[in-house]
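Q: Mind having a look at this structure? Questions to follow.
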Amino acid sequence: MISNQKRLFNIPDDVTYLNCAYMGPQLKSVSEVGKISITKKEHPWDITMPDFYEPPEKLKSLYAKIVNADKNSIALIPSVSYGIETAVKNIQINKGANIVVLAEQFPSNIYSWIEVVKRTEAQLITIERPVDKDWTSVIISTINNKTDVVALPQAHWTDGSFIDLVQVRHRCDEVNAALVVDATQSVGACPFDVQKIKPDFLISAAYKWLLGPYSITYMYVDPKYHTGKPLEFGWMSRKGSEDFSGLVNYTDELQEGASRFDVGEKSNFALVPMAINALEQILDWGVENIYSTLSKFTSYAEEEATKLGLSVTPIPKRAGHLMGLRFSSGVPNNLIQKLKCEKISVSVRGSSIRVAPHLYNDKSDFDHLFEVIKYQIKNE
């Protein structure tokens, strides 16, 4: 178990932040790197060709270590929706096929598939929340011979419900379906192994559990798509672009590996160094260690919630780092306002109060949360 790391964050003592699933607080070290890197362009004469390529490649290497992937299969993109649209552009979706998604899934992994259905004769199959809370089994039973794409999270963003993607991958292989994963609510805090799950596309925004800046997202692309079509045709994705003097010699050849899918201006001189610092810290802690620590927090919270009559999806049907508290008659009136007054930060997602701790939290944060909830329940 990792000791409390609050000293590494700029979180006041009177703030109880249990909302990493909304936005991960920036590490002090990331902020310091940002202050330095934002001034880099004040002296553009000191920015050389390696500055365009070496930091992004380092960032890819760090993310590859987190998900156990080959660095050459990682692309840098600006958002999850950008990545999902890249997947749409490269996955063959046949006439009469279906695309499987979950009810209340985060919209970045929904809207592109809705557009596919509009312009093709494909069908969108939305799996409703299972009564027994076992998403994995119902997903596997829903996938059929007409399924071309299964688009999922690893942990449901509203309450942390866990999907066993290894089992889902096996079922996808049986029907030759692509697996597209938005792991924004898990990678960095929950183990993800590309070698075991074998996603066709894996996309993770940096600003939540990866503790990085906004507008950086990581995308793993299975090698079978490395000859595919990028969403845009930037100059840096062209072969030989490192030779600035030769950029006038246009070429149809693209960079090898997933680099062809990189966003233009991937060399963001301010954000990339910040993202590097964040991933280095996560690797120093170790994702397994982070997950083990956060799982102890949410297990304690589950016990306390149960005492108050709240419903919580238990592990292993829930990821250990994220949870949703459900009330039998809905979220009590004024509870969120009372929590705000107490400087307790959580989120309402769907019908759940979502609780998302990190290493800056301790047991007292949960005690504070449940004191307020208990008070509100008694005074409803």
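Q: Those residues that are on the phi > 0 side of the Ramachandran plot and open to solvent by 20 Å² or more (accessible area, probe 1.4 Å), I need them from region 205-220; list them, please. So that I can check it myself, show each step before the final result.
A: Applying the first criterion (on the phi > 0 side of the Ramachandran plot) to region 205-220 yields 211, 215.
Listed by number, the list holds a single entry, SER215.
Q: What is the residue count in region 303-349 for residues that are at positive phi and modelled with pLDDT of 90 or more?
A: At the first step, the residues of region 303-349 found to be at positive phi are 309, 330, 334, 343.
Now restrict to residues that are modelled with pLDDT of 90 or more: 309, 343.
Qualifying residue count for the region: 2.
Q: Please specify each residue of region 189-203 satisfying the condition of being farther than 12 Å from ALA155 by Cα, open to solvent by less than 10 Å² (accessible area, probe 1.4 Å), in contact (Cβ under 8 Å) with a residue 60 or more places away in the chain and not in a helix (DSSP H, G or I).
A: ASP200, PHE201, LEU202, ILE203
Residue by residue, here is whether (1) without any contact (Cβ under 8 Å) to a residue 12 or more places away in the chain; (2) of a type in the set (Gly, Ala, Ser); (3) touching a Pro at 6+ places or on another chain (Cβ under 7 Å); (4) more than 30 Å from ILE353 (Cα to Cα) holds:
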| position | (1), (2), (3), (4) |
| --- | --- |
| TYR22 | no, no, no, no |
| VAL33 | no, no, yes, yes |
| ILE36 | no, no, no, yes |
| GLU54 | yes, no, no, yes |
| LYS58 | no, no, no, yes |
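Q: Scan region 44-73 for residues that are open to solvent by less than 50 Å² (accessible area, probe 1.4 Å), hydrophobic (A, V, I, L, M, F, W, C) and either closer than 14 Å to TYR220 by Cα or in a helix (DSSP H, G or I) (or both) and jot them down.
A: PHE52, LEU59, LEU62, ALA64, ILE66, VAL67, ALA69
Q: While we're here: Pull up region 237-250, narrow it to residues that are assigned to a loop (DSSP other than H, G, I, E, B) and under 20 Å from GLU57 (Cα atoms), then point me to the one that is modelled with the lowest pLDDT.
A: First, the residues of region 237-250 that are assigned to a loop (DSSP other than H, G, I, E, B): 239-243, 247-250.
If we keep only those that are under 20 Å from GLU57 (Cα atoms) as well, we get 239-243.
Details: LYS239: 86, GLY240: 84, SER241: 86, GLU242: 84, ASP243: 79.
Residue satisfying both the conditions and the ranking: ASP243.
Q: Kindly indicate the residue of region 322-358 that is in contact (Cβ under 8 Å) with a residue 60 or more places away in the chain and of a type in the set (Lys, Arg) and also nearest to TYR291 (Cα to Cα) among those meeting that condition.
A: ARG354
Q: A follow-up question, please. Yes or no: SER186 under 26 Å from ALA64 (Cβ atoms) and in contact with a Ser or Thr (Cβ under 6 Å, 6 or more places away or on another chain)? Step through it out loud before you land on a result.
A: Details: under 26 Å from ALA64 (Cβ atoms): yes; in contact with a Ser or Thr (Cβ under 6 Å, 6 or more places away or on another chain): no.
No: the conditions fail for SER186.
Q: If you don't mind, another one. Go over the candidates LEU335, LEU283, LEU271, LEU294 one by one and state the one that is of a type outside the set (Ser, Thr, Tyr) and farther than 20 Å from LEU8 by Cβ.
A: On the way: LEU283 fails: farther than 20 Å from LEU8 by Cβ; LEU271 fails: farther than 20 Å from LEU8 by Cβ; LEU294 fails: farther than 20 Å from LEU8 by Cβ.
Among LEU335, LEU283, LEU271, LEU294, only LEU335 is of a type outside the set (Ser, Thr, Tyr) and farther than 20 Å from LEU8 by Cβ.
Q: Name the residues in region 227-242 that are open to solvent by 30 Å² or more (accessible area, probe 1.4 Å) and touching a residue at least 40 places away in the same chain (Cβ under 8 Å), would you?
A: If we filter region 227-242 for residues that are open to solvent by 30 Å² or more (accessible area, probe 1.4 Å), which is where we start, we get 227, 229, 231-233, 235, 238-240, 242.
If the condition is that a residue be open to solvent by 30 Å² or more (accessible area, probe 1.4 Å) and touching a residue at least 40 places away in the same chain (Cβ under 8 Å), then LYS229, LEU231, GLU242 are the ones that fit.
Q: Which of the residues belonging to region 1-18 are out of contact with any Pro (no Cβ under 9 Å at 6 or more places or on another chain) and open to solvent by less than 100 Å² (accessible area, probe 1.4 Å)? So that I can check it myself, show each step before the final result.
A: Step one: list which residues in region 1-18 are out of contact with any Pro (no Cβ under 9 Å at 6 or more places or on another chain), which gives 1-8, 12-16.
The answer is ILE2, SER3, ASN4, GLN5, LYS6, LEU8, PRO12, ASP14, VAL15, THR16.
Q: A further question follows. For residues that are among the charged types (D, E, K, R) and farther than 28 Å from SER141 by Cβ, scanning just region 79-107, find the one that is most open to solvent (accessible area, probe 1.4 Å). Before the answer, list the steps.
A: Here is the first cut: in region 79-107, the ones among the charged types (D, E, K, R) are 85, 89, 95, 104.
Among the residues that remain, those that are also farther than 28 Å from SER141 by Cβ are: 85, 89.
Details: GLU85: 59, LYS89: 93 Å².
Step by step, filter region 79-107, then rank; the result is LYS89.
Q: Being of a type in the set (D, E, K, R), open to solvent by 40 Å² or more (accessible area, probe 1.4 Å) and touching a helix residue (DSSP H, G or I) at 6+ places or on another chain (Cβ under 7 Å) is the requirement here; does LYS35 meet it?
A: Values: of a type in the set (D, E, K, R): yes; open to solvent by 40 Å² or more (accessible area, probe 1.4 Å): yes; touching a helix residue (DSSP H, G or I) at 6+ places or on another chain (Cβ under 7 Å): no.
No, not satisfied.
Q: Among the residues of region 43-89, which ones are at pLDDT below 95 and among the aromatic types (Phe, Trp, Tyr)?
A: Within region 43-89, TRP45, PHE52, TYR53 meet the criteria.
The values are calculated or read from the model by the stated rules, or taken from the named source; none is laboratory data. Remember, it's a predicted structure, so these values are computed and weren't measured experimentally. Here Cβ is always computed from backbone atoms with ideal geometry, including for glycine, and neighbour counts include all displayed protein chains. For the accessible areas, the whole protein counts, side chains as well, though only heavy atoms, and no ligand, DNA or RNA atoms are used. Shrake-Rupley method; radii C 1.70, N 1.55, O 1.52, S 1.80 Å.
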